[in-house]
């Protein structure tokens with residue numbers, strides 16, 4: 001399977017709501033437009049979902065995950081990411097996407113480039129793909145330290 005290099009930014013046309021591509025576009029649209037309602041529609045609303053990222057550690061359940069997105073969406077920093085170099089692996093009731101995110105974290109005049117290994121798992125609930133797991137890691141230790149330091153400095 002060849003990884004797809006054309007990035008998903010969230011600005012793509014959403015034509016087929018039954019496709020995994022639709023669910024991924026919906027996530028990046030919600031994230032990049034800071035839309036908590038759309039983000040809520042993308043995630044399963046259960047206590048057994050999980051998100052693991054370079055800053056927040058492991059968050060479990062929609063309430064904890066929502067609080068992370070609310071802080072990002074209402075904070076002073078602007079964050080943009082797009083998904084590329086990815087593959088989608090699908091079964092009848094589940095799919096997972098494995099790839100990379102690139103983008104930028106910006107606060108005032110300070111910009112930190114982002115390079116994140118990313119995986120997302122979705123399951124079919126009532127005929128719609130719902131995210132149940134996300135994992136993101138920053139490989140470069142210097143970039144991770146810079147990102148963590150910049151974020152910690154944001155009040």
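Nothing in this text is a laboratory measurement; each read-out follows from the coordinates by a stated rule. Here the structure is a predicted model, which is why all the values come from computation and not from measurement. Positions of Cβ are generated from backbone atoms using ideal geometry, with glycine treated the same way; all protein chains shown enter the neighbour counts.
Counting alpha carbon pairs within less than 8 Å and at least 6 residues apart, what relative contact order, in whole percent, applies to the chain? Intermediate values should be presented prior to the final figure.
Working: 296 pairs, mean separation 34.2, N = 155.
Reported as a whole number, the value is 22 percent.
To test your reading of the geometry: what angle, between 0 and 90 degrees and rounded to tens, separates the Cα axis of helix 141-152 from the longest principal axis of the chain?
The two axes meet at around 80 degrees.
Taking the mean number of other Cβ atoms within 10 Å as a proxy for protection, how do you rank 1-11, 127-137 from highest to lowest? List each step's numbers first, then the result.
Numbers: 1-11: 13.8, 127-137: 17.4.
Descending packing order for the listed peptides: 127-137, 1-11.
Bin width 5 Å, origin at 0, all Cα-Cα pairs of the chain: what percent of pairs per bin?
The distribution over the chain is 2, 9, 18, 24, 22, 15, 7, 3, 1, 0, given as percents.
Based on the alpha-carbon gyration tensor of region 89-155 and its eigenvalue square roots a ≥ b ≥ c, which shape applies: rounded if a/c is under 1.5, prolate if not and a/b is larger than b/c, or oblate? Spell out each step's value before the answer.
Values: a/c = 3.50, a/b = 2.43, b/c = 1.44.
It is prolate, given that a/c is not under 1.5 and a/b is the larger ratio.
Using only Cα atoms, tell me the angle between helix 20-32 and the longest principal axis of the chain; keep it within 0 to 90° and round to the nearest 10.
It is inclined by approximately 30 degrees.
Quick check: the angle from helix 61-74's long axis to the longest principal axis of the chain, C-alpha only, nearest 10 degrees?
That helix lies at roughly 50 degrees to the long axis.
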